[in-house]
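Participant: The structure follows.
Taken together, the values in this text are just the output of simple stated rules run on the coordinates, not laboratory data. Model, not experiment: these values are computed from the prediction. Positions of Cβ are generated from backbone atoms using ideal geometry, with glycine treated the same way; all protein chains shown enter the neighbour counts.
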Amino acid sequence: MQSKMSRVNIDDTVLVELCREGDSAAMERLIIKYQNRIYNTILKICANVDDAAELTQETFVKIIENIDKFEGRSSFYTWAFRIAVNLTLNYCKRNVRLGFKSLDAQSDESTQQTKKVLKEFLTDARSPNPERVVQAKEIGELVITALMKLDDDQRTIIVLRDIEGMNYAHIAQVLNIELGTVKSRLSRARSNLREFLEAVLQ
């Protein structure tokens, strides 16, 4: 077992098997590997740092409790994100949003730079989706505010595709929907996000 754990790029499949054998170090490696990505995804969906931290912790508790039920029909990455997204969407349905809470407040100069980037996106016919904007270093409160105007399903699919960079097949597995539904929902979400951004920038 020690030789397996000493490998630098140990495979998730091996780590999962070690977890099933009760290897706490293997579970720790899985948590370290994915905790930041899962936390950031949850944060972009629920827009509350405290709730995102709690939901991330709850996600890994469920992963640990259900690791023996993981059948390997999808990657561990996809399975873990499915748990995280389901928990977060259930949280959103249970809680009425009382208003947007700043995730990463920016200076006026930074906000102006963000607006500049967004205007370039909105006037660039070669950019049919907001991927370049949401991944830009200048991303800030303006875009997050626009994201929070989307309904939960649309916001989630934007986060998974355009922020997390997940491919359509993985999104379909995470959300348990058809591939065609992923594409149509993403198209509507991007269109609505564009409208919200245009309204903000007027």
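Participant: State, to one decimal in nm, how far the label point of residue 20 lies from the label point of residue 168, with both points 7 Å from Cα in the Cβ direction.
Facilitator: 3.3 nm
Participant: Quote to one decimal, in nm, the extra length available between residue 61 and residue 93 on full extension: 0.36 nm per residue of separation minus the C-alpha distance between them. It would help to have the intermediate numbers written out before the result.
Facilitator: Values: separation 32, 0.36 × 32 = 11.52 nm, distance 2.09 nm.
The residue 61-residue 93 span can extend by a further 9.4 nm.
Participant: Hey, how many Å between the Cα centroid of the range 144-202 and the Cα centroid of the range 26-60?
Facilitator: Between the Cα centre of the range 144-202 and that of the range 26-60, the gap is 20 Å.
Participant: Sticking with this one: At residue 35 and residue 179, where each label point lies 7 Å from the Cα along Cα→Cβ, what is the point-to-point distance in nanometres?
Facilitator: 3.6 nm
Participant: For the range 63-69, what does the Karplus curve 6.51 cos²θ - 1.76 cosθ + 1.60, with θ = phi - 60°, yield as ³J(HN,Hα) per residue in whole Hz, taken in order and with x for Gly and Pro?
Facilitator: 4, 4, 5, 10, 4, 6, 8
Participant: When you count, for each residue, the other Cβ atoms within 10 Å and take the mean per peptide, how do 84-90, 179-185, 190-196 rank with the highest first?
Facilitator: 84-90, 190-196, 179-185
Participant: What do you get for Rg/Rh over the range 2-94 if you use C-alpha atoms and the Kirkwood form of Rh? Don't skip to the answer; put the middle values down first.
Facilitator: Numbers: Rg = 13.7 Å, Rh = 13.7 Å.
Here Rg/Rh amounts to 1.00.
Participant: Given a Förster distance of 30 angstrom, what is the FRET efficiency for residue 28 paired with residue 195, based on the Cβ-Cβ distance and rounded to 0.05?
Facilitator: Efficiency, from the Cβ-Cβ distance: 0.10.
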